Amino acid sequence: MTEAAPFYADIAEAPGGHVARWLKTQDGVRIRVAFWRQGAKGTVLLFPGRTEYIEKYGPAAGEFARRGFAMVTLDWRGQGLADRFLPDRMTGHIGQFRAYQIDVAAAVALARSEGLPEPYFLVAHSMGGAIGLRALCEGLPVRAAAFSAPMWGIHMHPALRPAAWVVSTLSRPLGQSHLYAPGTTSQTYVLEAPFTDNVLTRDAGMYEFMRRQVRAHPDLSLGGPSLHWLNEALRDCLDLRRHTLPALPCYTALGTLERVVDPAPVRERMARWPQGQLDLISGAEHEVMMEAPAIRARFYDRSAALFDAAR
């Protein structure tokens, strides 16, 4: 039996009927998973990005339910209410990037044990896009995938990339890998950055939605990544380039204002994806699912259409 976990319904703007559970993964880490049963067409496995948490995708659960799909999502290890690994709990930290696949396995096992409707479909945002692509390459049991600004590369000035590799790599033997990556702090981004020129969304209401959540429940928030996380992420992005793209339908949305992930690997990979469609959304920042209503609807409509066709 799994244990009931908290769910902050006061901030989630989610449909009713949620179920939240604590899960202990195969390597002994406690993560939080939530699901909504509404929708008989199948189940969306929603993989969040770095710093994110279940309640942020309450609106997504409603959007997919209205389109006929159940949904399951989770707090990755090291963020949200899942176990964190450093004394400074605001540091985004991971031992090995591949360990996220253990969380994937736990979430899929819960979906199956709870009898959530099949087939399954993947929706993955940012860091979840890197985790999701590796999961697909390793046999994630889904019929189709939709990505929002997948982290198949990290946005940084070309002149800084060699330094990022050197500093993050040397931090390990020097015993400094727990420190924040340069330019980041313990403050969560949405509380530190004003809406003007933020890198996440052009929609003021959605930006305030994100700020309201972490103000009400600071235990959900996360600051910058550790040097170790940065090094693991860089290595993972490099390794993913060597994998054969999975033979299943894929839709990827990318804002033309993207400043968080590197757009170049996304464009290159989608140009090679056998059944892939890249949707470049004019005027959108990093978080397509948190953008203006028309952009949000575009993402959900096109994802659902892809899933309907793949059923």
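Once you have a ≥ b ≥ c as the square roots of the Cα gyration tensor eigenvalues for the range 1-44, tell me rounded if a/c is under 1.5, and otherwise prolate or oblate according to whether a/b is larger than b/c.
oblate
When the C-alpha atoms of the range 205-278 are aligned to their principal axes, what extent does each axis show, in angstrom, from largest down?
44, 32, 22
Starting from the Cα of Ala193, step 7 Å along the direction of its Cβ; do the same at Ala247; then give the gap between the two resulting points in nm.
4.0 nm
What whole-number distance in Å separates the alpha-carbon centres of the range 1-32 and the range 249-287?
30 Å
Along the Cα-to-C-beta direction of Gln26, a point sits 7 Å from the Cα; which residues of the range 83-114 have their amide N less than 20 Å from that point?
Taking a point 7 Å out along Cα→Cβ of Gln26, the residues of the range 83-114 whose backbone N falls under 20 Å are 83, 94-114.
Calculated FRET efficiency, His178 and Ala216, Cβ-Cβ r, R0 45 Å, to nearest 0.05? Kindly include the intermediate steps, with their values, before the conclusion.
Details: r = 28 Å, r/R0 = 0.63.
Efficiency for this residue pair is about 0.95.
For each of Met210, Met90, Met290, count neighbouring Cβ atoms within 10 Å of the residue's Cβ, then give the residues from fewest to most.
So the ranking, lowest neighbour count to highest, is Met90, Met210, Met290.
So what are the range 145-200's ellipsoid semi-axes, whole angstrom, largest first, if each one is the square root of 5 times an eigenvalue of the alpha-carbon gyration tensor?
Values: eigenvalues 118, 62, 30 Å².
Equivalent-ellipsoid dimensions as semi-axes: 24, 18, 12 Å.
Cα convex hull of the chain: how many Å³ per residue? Write down the numbers at each step before the final one.
Numbers: hull volume 38.3 nm³, N = 311.
Per-residue hull volume (Cα only) is 123 Å³.
Explain nothing, just the number: dipole magnitude of the range 196-305 about its Cα centre with +1 on each Lys and Arg Cβ and -1 on each Asp and Glu Cβ, in debye rounded to the nearest 20.
On the way: 14 positive and 15 negative charges, 41 e Å.
The dipole magnitude comes to about 200 debye.
Suppose the chain between Ala309 and Trp165 were pulled fully straight at 0.36 nm per residue; how much longer would it get relative to their current alpha carbon spacing?
47.7 nm
Over the range 3-310, what is the mean sequence separation of C-alpha contacts under 8 Å (at least six apart), divided by residue count, expressed as relative contact order in percent? Mind showing how you got there, number by number?
Working: 635 pairs, mean separation 59.4, N = 308.
Relative contact order, the range 3-310: 19 percent.
Karplus couplings for the range 262-279 from phi (6.51 cos²θ - 1.76 cosθ + 1.60, θ = phi - 60°), rounded to Hz, Gly and Pro as x?
Taking θ as phi minus 60°, the curve returns 7, x, 4, x, 5, 4, 5, 5, 5, 5, 9, 5, x, 10, x, 10, 9, 10 Hz for the range 262-279.
Just need the relative contact order of the range 158-308 here, percent rounded to a whole number, with Cα pairs under 8 Å and 6+ apart. Walk me through the intermediate numbers first.
On the way: 174 pairs, mean separation 39.4, N = 151.
Over the range 158-308, the number comes to 26 percent.
Need one number: % antiparallel among DSSP beta bridges in the range 1-154, to the nearest 5. Kindly include the intermediate steps, with their values, before the conclusion.
Working: 13 of 27 bridges.
Restricted to the range 1-154, the bridges split so that about 50 percent are antiparallel.
When 1/r is averaged over all different Cα pairs and the result inverted, which Kirkwood radius in Å belongs to the range 110-256?
Values: mean 1/r = 0.0563 Å⁻¹.
Answer for the range 110-256: a Kirkwood hydrodynamic radius of 17.8 Å.
Using +1 at the C-beta of Lys and Arg and -1 at the C-beta of Asp and Glu, which of Phe307, Leu280, Ala149 has the Cα lying farthest in the positive direction of the dipole of the range 3-310?
Phe307
Add +1 for every Lys or Arg and -1 for every Asp or Glu among the other residues with Cβ under 12 Å from the Cβ of Asp308, and state the total.
Residues close to Asp308 contribute a combined charge of +4.
Work from the charge dipole of the chain (Cβ charges, +1 for Lys and Arg, -1 for Asp and Glu, about the Cα centre) and give the residue of His125, Ala9, Gly224 farthest towards its positive end.
Result: His125, furthest along the dipole toward the positive end.
Could you tally the net charge around Ser168, taking each other residue with its Cβ under 12 Å from the Cβ of Ser168, Lys/Arg +1 and Asp/Glu -1? Could you put the intermediate results ahead of the total?
Values: positive: Arg161, Arg172, Arg235; negative: Glu232.
Cβ neighbours under 12 Å give a net charge of +2.
What does the charge count near Gly95 come to, summing +1 for each Lys or Arg and -1 for each Asp or Glu among other residues with Cβ under 10 Å from its Cβ? Before the final figure, lay out each step's value.
On the way: positive: Arg77, Arg98; negative: Asp27, Glu232.
My count for the surroundings of Gly95 gives 0.
All of the numbers you see were taken from the coordinates with simple rules; none came from a lab. Computed from a predicted model, the values in this text were never measured in an experiment. Neighbour counts are summed over all protein chains in view; Cβ atoms, including those assigned to glycine, are modelled from backbone coordinates with ideal geometry.
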